[in-house]
1. Counting only protein heavy atoms and a 1.4 Å probe, tell me what percentage of region 19-73's accessible area is made up of carbon and sulfur.
2. Report the net charge of residues surrounding Gln53, where surrounding means a beta-carbon distance below 15 angstrom and charges are Lys +1, Arg +1, Asp -1, Glu -1.
3. Over region 8-60, what is the mean sequence separation of C-alpha contacts under 8 Å (at least six apart), divided by residue count, expressed as relative contact order in percent?
Amino acid sequence: MNYGLSNSSAFLCDVQITKDNVLICRTGLDLGRSTSINITFPNLYTELNVNGQTVSGFFSINLTYAQVANNITGLALYFCI
């Protein structure tokens, strides 16, 4: 697949895993900040313990790849293969 990236392209992202075990690249753990997940699935707002800290938000581990991909709001979503 060609995503418009050359062989010398590089980008920084947080690799996250979805409920159906697809790896995705997003910046930040809370998908509610960069998707419309918070509007589409408000009941999935949860708290997780991350490195000893309680973090609240919408997390990829609670969503399938399709749910995430169908709620992108103008920002790229990459999946890792």
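1. Carbon-and-sulfur percentage of accessible area, whole number: 50.
2. After counting each charged neighbour, the total is -2.
3. The normalised contact order for region 8-60 reaches 31 percent.
The values are calculated or read from the model by the stated rules, or taken from the named source; none is laboratory data. Owing to the predicted nature of the structure, the values given are computational and were not obtained by experimental measurement. Neighbour counts run over all protein chains shown; Cβ positions are idealised from the backbone, glycine included. All accessible areas refer to the heavy atoms of the entire protein, side chains included, with ligands and DNA or RNA removed. Shrake-Rupley method; radii C 1.70, N 1.55, O 1.52, S 1.80 Å.
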